[in-house]
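Heads up: the structure comes next, in structure tokens.
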Amino acid sequence: MPFLTRLIAAFALALLAALPARAFDTRASAAWVYDLTTQTVLLEKNADIPLPPASMSKLMTVNLLFEALAEGRVTPDTTFAVTPKAQAMGGSTMFLNTTDRPTVDELLHGIIVNSGNDACVVVAEGLAGSEDAFARMMTERARALGMNNSMFANASGWPHPGQRMSMHDLGILAARLIEKFPTYYPLFATTHYNYKDRAPANANNRNPLLKIAAADWHADGLKTGHTEEAGYGLVGSAVMGERRIVFVISGLGSEAERAQEAEAIANWAFRQFVIKDLVAKGTRLAEAPVWLGDAKTVGLVPAEDIRQLLPAGAQDGMKAEVIFKGPIQAPITAGSEIAELVLTVPGLDAPRRFPLVAETDVAAGGFVTRVTTAAQRLLQQALNAAGA
């Protein structure tokens, strides 16, 4: 019967053991920091608690509009009507009135740059017929995307007890907007938009990351949020070289504190961690025993190069294990996934797992092999029973 086998991987990877990164003690009441390039969580704080998202929930409204564009249900030039309800929206707006027929492109700018509550209602009514129906669509879409700690009562993030999102869920949504909609995502880097010159005081993007001139990284998104209940929050993304990070913070006390915390998180995430090439594709990391095959073992190799985000520096600390259920029964096809490499890295909360595949084909053994193996098995069982 196959049994779980753990082998401490003794190979060059051990030479790249990691130095624990300087821990980041965020002032945010809730936070989630993620390296999108390597799919590595760097920081979690109250990340799965549903909280008031304020205008950060507008990202789901944008997501549904991006999906409508991608599916051809609307175009950037499609126009929507402005209802009295939309015109009457308070808070941050792009100053629409009922005589306007804004295009999808204009509405996206109004939501992303101006944080327009009126624009959100226009989109909701245009896509779903009513804001209530659209809010149900938002919640259903969240569930489909694995955002299990989110629910929506409106399209704008206007304070409501039924409007809740977790920092983790907002991070999932941000990553989706970046990866699935490369044509439209650059809108989030827009710093200024003034619809028909109506709102010069509300024309500038509030995202503080877009104003930072860091020497080694730059930001290009995504959305701020603020209400008295939620405090000041931000869904941010920034790029340094090949790396991209996504982070979400909430519950800060002021715009200034939000800006300081966002910059500090980006500096920490980029400068305390580096990507290293650990194992080349096809490198044999271990061997697994084979049952009833024409070979006694099969090599275990990664199907792709293994690259990992590690805390900067080098000292003892990283642990590598190869795990499989063995012996593995023949026949075995080269390239079939039969094991995994598990890396435990100081400074990262969760172990990283990478699939390992069979290095070669292993055919089923002939009659003599099967008889010999069965006899050896019976003898071993008898010896074990006698020693018990």
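Bear in mind these aren't lab numbers, they're just calculated from the coordinates by the rules spelled out. Being a predicted model, the structure only gives us computed values, none of them experimental. We place every Cβ from the backbone using ideal geometry, glycine too, and count neighbours over all the protein chains shown.
Please identify, among Ser57, Ser250, Ser130, the residue showing maximal mean-square fluctuation in a Gaussian network model of the chain using a 10 angstrom Cα cutoff.
Sorting by GNM fluctuation, first place goes to Ser130.
With each label point set 7 Å from Cα along the Cα-Cβ vector, what nm distance links Ala280 and Thr191?
Each label point is offset 7 Å from its Cα along the Cβ direction, giving 4.5 nm.
Please compute the Cα-Cα pair-distance distribution of the stretch 199-318 with 10 Å bins starting at 0, giving whole percents from short to long.
Here the calculated profile for the stretch 199-318 is 11, 28, 22, 15, 11, 8, 3, 1.
Mind putting together the pair-distance distribution for the chain? All Cα pairs, 10 Å bins, whole percent per bin, short to long.
5, 20, 24, 18, 14, 10, 6, 2, 1, 0
Restricting to DSSP loop positions (anything but H, G, I, E, B) with no more than 15 other Cβ atoms inside 10 Å of their own Cβ, which chymotrypsin sites (Phe, Trp or Tyr not before Pro) remain in the stretch 246-311?
none
Starting from a Cα-only point model with no solvent, please compute log10 I(q)/I(0) by Debye for the stretch 51-168 at q = 0.15, 0.20 1/Å.
Normalising to I(0) and taking log10 leaves -0.58, -1.04.
How much length is gained on full extension from Arg73 to Ala312, taking 0.36 nm per residue of separation minus their Cα-Cα distance?
81.4 nm
Full extension from Thr37 to Thr344: what is 0.36 nm times the residue separation minus their Cα-Cα distance, to one decimal in nm?
My answer for the length gained is 108.7 nm.
If I take R0 = 35 Å and measure r between the Cβ atoms of Thr183 and Glu255 in this structure, what FRET efficiency does the formula 1/(1 + (r/R0)^6) give, to the nearest 0.05?
For R0 = 35 Å, the calculated efficiency reads 0.65.
Work out the FRET efficiency for Glu228 and Ser336 from their Cβ-Cβ distance, taking R0 = 41 Å, and round it to the nearest 0.05.
0.10
Using alpha-carbon pairs under 8 Å, 6+ residues apart, how would you state the relative contact order of the chain in percent?
Over the chain, the number comes to 21 percent.
Take the stretch 128-180, drop everything but the C-alpha atoms, weight them equally and run the Debye formula without solvent; then report log10 I(q)/I(0) at 0.21, 0.27 Å⁻¹ to two decimals.
-0.75, -1.10
Taking a cut-off of 29 Å between Cα atoms, list the lysines near Lys58, but don't count ones fewer than 8 places away on the same chain.
Lys45, Lys85, Lys180, Lys196, Lys211, Lys223
With everything on Cα atoms, drop me the angle between helix 131-144 and the longest principal axis of the chain, reported from 0 to 90° to the nearest 10.
The answer is roughly 10 degrees.
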